[in-house]
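Working notes for the structure below.
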Amino acid sequence: MSADPNRVAGAWVTLQSRRATMRVWILLGIFAGSLLGGAFAARLGWLSSGDGAAAGTALSALALLAFYAAEQRSEQARAWLIGSRAERAVGNGLDVLRSGGAVVVHDVELERGNIDHVVVMPRGAYLVETKARRYEVKHLKQAKRQAYRLHRQLDTWVTPVICLANRPDRPYRREGVWIMGAAHLVPWLRGRRGRPVDVGVTAARLASCRPETR
């Protein structure tokens, strides 16, 4: 686990979006190169022989596979992009809590994946996972699992929260996880009266987190 207090919200997801976009362009390059190669070979008459026909078929198959893979990757890149925008919006909202003495850290790195936001306040510590519009049951389990891991690192209770960036849902609890729309998140956190937390000590523990090793 690694926590950088200067990291901008959504940085990890933005990186994934850029990587996925780069893969799309590479696959489209392969698609275009295969088509151009086949067209060039046809113009020169190389495809008239048996070996040439086999090569032409292989190029056509490669072009189709590359196009199909690029289509799939483009959907992934779009999902990452939507996620990064949602995380930045929620992160910007959470940053206002710093003026009241809260510690807010974004993109806490794990061995696999990350924790979107961690908020430490005098009356509680919170893990906030951002979703654009919806969540699944597996996200509830993931949030609870990550909150427990963070609890072990910070030696204080951590409440798991899922924030739906583009929905107006009022706060409710499901399977031990609080869920709410972005407009309710900061007021809800300010109104919480959870277990007392030594913000300074907890922030120091969070800052001392280092990347996990197997």
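The values are calculated or read from the model by the stated rules, or taken from the named source; none is laboratory data. The shown structure was predicted, so the numbers you read here are calculated from the model rather than taken from an experiment. In this analysis, Cβ positions are derived from the backbone assuming ideal geometry, glycine residues included, and neighbour counts consider all displayed protein chains.
For this structure, a couple of remarks:
This table checks each residue for (1) touching a residue at least 60 places away in the same chain (Cβ under 8 Å); (2) small (Gly, Ala, Ser); (3) in a helix (DSSP H, G or I); (4) outside the structural domain of Glu175 (by TED's automatic domain parsing).
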| position | (1), (2), (3), (4) |
| --- | --- |
| Gly93 | yes, yes, yes, no |
| Val96 | yes, no, yes, no |
| Val105 | yes, no, no, no |
| Val108 | yes, no, no, no |
| Val120 | yes, no, no, no |
| Ala125 | yes, yes, no, no |
| Val128 | no, no, no, no |
| Arg134 | no, no, no, no |
| Leu140 | no, no, yes, no |
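- The lone exception for Val197 - which of (1) surrounded by 19 or more Cβ atoms within 10 Å (Cβ to Cβ); (2) outside any loop (DSSP other than H, G, I, E, B) it fails: (2)
- Of all residues making up the range 142-153, the number that are touching a residue at least 60 places away in the same chain (Cβ under 8 Å) and touching a strand residue (DSSP E or B) at 6+ places or on another chain (Cβ under 6 Å): 1
- Selection of first residues in the range 157-182 that are in contact (Cβ under 8 Å) with a residue 40 or more places away in the chain and on the phi < 0 side of the Ramachandran plot and of second residues that are among the acidic types (Asp, Glu) and part of a strand (DSSP E or B), restricted to Cβ pairs under 8 Å at least 6 apart or on distinct chains, gives the following pairs, ordered by first then second residue: Cys163/Glu129.
- Residues satisfying the stated conditions in the range 78-127, i.e. charged (D, E, K, R), surrounded by fewer than 22 Cβ atoms within 10 Å (Cβ to Cβ) and modelled with pLDDT of 90 or more: Asp95, Arg98
- Hey, Ile179 out of contact with any Pro (no Cβ under 8 Å at 6 or more places or on another chain) and assigned to a strand (DSSP E or B) or not: no
- Residue in the range 200-209 that is within 22 Å of the chain's Cα centre (by Cα) and farther than 20 Å from Val96 by Cα present: yes
- Whichever residue in the range 152-176 is in a strand (DSSP E or B) and within 22 Å of the chain's Cα centre (by Cα) and, among such residues, is surrounded by the most Cβ atoms within 10 Å (Cβ to Cβ): Cys163
- Residue within the range 201-212 that is of a type in the set (Ser, Thr, Tyr), in contact with a Lys or Arg (Cβ under 9 Å, 6 or more places away or on another chain), part of a loop (DSSP other than H, G, I, E, B) and more than 22 Å from Arg85 (Cβ to Cβ) present: no
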